[in-house]
Amino acid sequence: MKRVFFTETVLRDANQSLIATRLPYKQFEDILPTMDKAGYYSVECWGGAVFDCCLRFLGEDPWVRLRNIRKHMPNSKLQMLLRGQNLLGYKHYPDEIVKMFVAKSVENGINVIRIFDALNDLRNIEVAAKEAIKRGAIVSGAISYTQSPVHTIEAFAKLAKELENMGASTICIKDMAGVMSPAEAYELVTAIKNSVKLPVVLHTHCTTGLAFMTYLKAIEAGVDVIDTATSCFSGGTSQPATETLNYALKQLGYDTGLDDSILKKVNDYFKPLRDNYIADGTLMPKMMATDTDALNYKIPGGMLSNLVSQLKAQNAMDKFEDVLTETPKVREDLGYPPLVTPMSQMVGVQAASNVLMGERYKNISKEVKAYCLGEYGTAPAPIKPEVLQKVLGNEKPLQGRYADSLAPVFESAKQELADVARSDEDVLSYVLFPQVAEKFFAERKAKEEKIVRYTISPVEK
Ligand code: CO
């Protein structure tokens, strides 16, 4: 019987896509031992925006969260998403920090690290991948899926081969915008299966309504692992439902390895939480709906809504269609970057500026400049020479890899923090998010002092 494995995403991607990663640890702690018995291939629970949101919004130490999940799920493979040389932050870090961060992630409980780079520049994946392998983690080498004249089946298959050579244990096709169609999935999975010997993972979102069909065709083409979310946290901008795919695939003769009764318990647990998030407005109904605009405009849903709010703020909604026409042109000029963070913002803002200023590339953001300098990596196709000239003037693009120009920062960060940092993990949190981490450390200390006061006061009276 053909086996299809499931990665459950409720704790990370579903949480991130539907409720902006606002799920506090305490709300899901009690279900972890049950989830541990479900039979998932892995549980995606960390990385992506989880780290940032724990520190910034939830007053939680992300490292403590990871250790707690580990403690309550001793039998599961815990998975994280890592943005290559960006780690979980928004800029490139020196190799020293990348290695330490990966080592600490594994030490605190991570088993599977899915590593991607928005530009598919493998130099931004290599250091993290090598360190993860050294520390005994499973590396899932991810391909950022996008559509453009240079993102061909052959190019993706070649990329998969290179990830295999780098030591990846699985290849993940990451369709972050949910725009991969069933036909495209069939063709791509077939090509990658022919090019590498590794298991292939497919990750997509329901945003445009294609995902269930896309998974089914991918499975027909031999995909080994799919990402799904427990049904009450599925659909819309999240992943397809775990129980639905389990039900359909079992009927088709696939072994999913999943325990139906446990899947039901997991969903029953999260349902009231989901209802609370709807009631308090954290989960907006439109996040759960199907939106096919991304298929028409070839622009991811999130980017489209950013464009709308940007234009509304400048009272320029009458220019919306012009900006939509300009966006793919800017993307082409810049060598077809996949429209994911931070490239989606970069391209969107530039397109809007080109239209609103009445002159192309009159205003250039510092992000576009850094991109043209090569600080994000190599563009998928050459940047148009006339645009490069306009953006950089006499400045020359970087030769080599940007991270090689970054000096180590760990020791100086440690000294800056002095006794505020209680561990190397604290120092890493600070390196990634300096102000946010400082505020978190101060609040952590204040909270502890308060607890001490409360425990002392009854005795004093
Ligand atoms: Co995703």
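The values are calculated or read from the model by the stated rules, or taken from the named source; none is laboratory data. Being a predicted model, the structure only gives us computed values, none of them experimental. So basically every Cβ, Gly included, is an ideal-geometry build from the backbone, and we count neighbours across all protein chains shown.
Residues that are more than 16 Å from the ligand (Cβ to nearest atom), within 30 Å of Q147 (Cβ to Cβ) and part of a helix (DSSP H, G or I) occur in the range 96-104; there is at least one.
Restricting the search to the range 147-164, which residues are assigned to a helix (DSSP H, G or I) and either within 23 Å of the chain's Cα centre (by Cα) or assigned by TED's automatic domain parsing to the domain that holds A379 (or both)? Break it down into steps so the answer makes sense when it comes.
Here is the first cut: in the range 147-164, the residues assigned to a helix (DSSP H, G or I) are 153-164.
Correct list: I153, A155, F156, A157, K158, L159, A160, K161, E162, L163, E164.
Please pick out the residue among G222, G178, G236, G257 that is outside any helix (DSSP H, G or I), farther than 27 Å from R83 by Cβ and either within 16 Å of the ligand (Cβ to nearest atom) or out of contact with any Gly (no Cβ under 9 Å at 6 or more places or on another chain) (or both). After ruling out the rest, the residue left standing is G222.
Residues in the range 404-461 that are crowded, with 17+ Cβ neighbours inside 10 Å, free of Cβ contacts under 8 Å to residues at least 40 places away in the same chain and small (G, A, S): A413, A421.
Between A142, A137, the distinction of being of a type outside the set (S, T, N, Q), within 25 Å of V179 (Cβ to Cβ) and in the same structural domain as N75 (by TED's automatic domain parsing) belongs to A142 only.
I'm trying to understand the selection: among the residues of the range 1-40, which are outside any loop (DSSP other than H, G, I, E, B), over 22 Å from G59 (Cα atoms) and more than 16 Å from the ligand (Cβ to nearest atom)? Don't jump to the end; show me each part of the working.
So in the range 1-40, the residues outside any loop (DSSP other than H, G, I, E, B) come out as 3, 5-8, 10-19, 25-35.
Applying the additional criterion that residues be over 22 Å from G59 (Cα atoms) yields 3, 5-8, 33-35.
Within the range 1-40, R3, F5, P33, T34, M35 meet the criteria.
F51 fulfils the conditions (1) of a type in the set (A, V, I, L, M, F, W, C); (2) closer than 18 Å to R444 by Cβ; (3) at pLDDT below 95 except for a single criterion, (3).
Filtering the range 146-168 to residues that are buried (at least 24 other Cβ atoms within 10 Å of the Cβ) and either at pLDDT below 95 or within 19 Å of D333 (Cα to Cα) (or both) leaves only T146.
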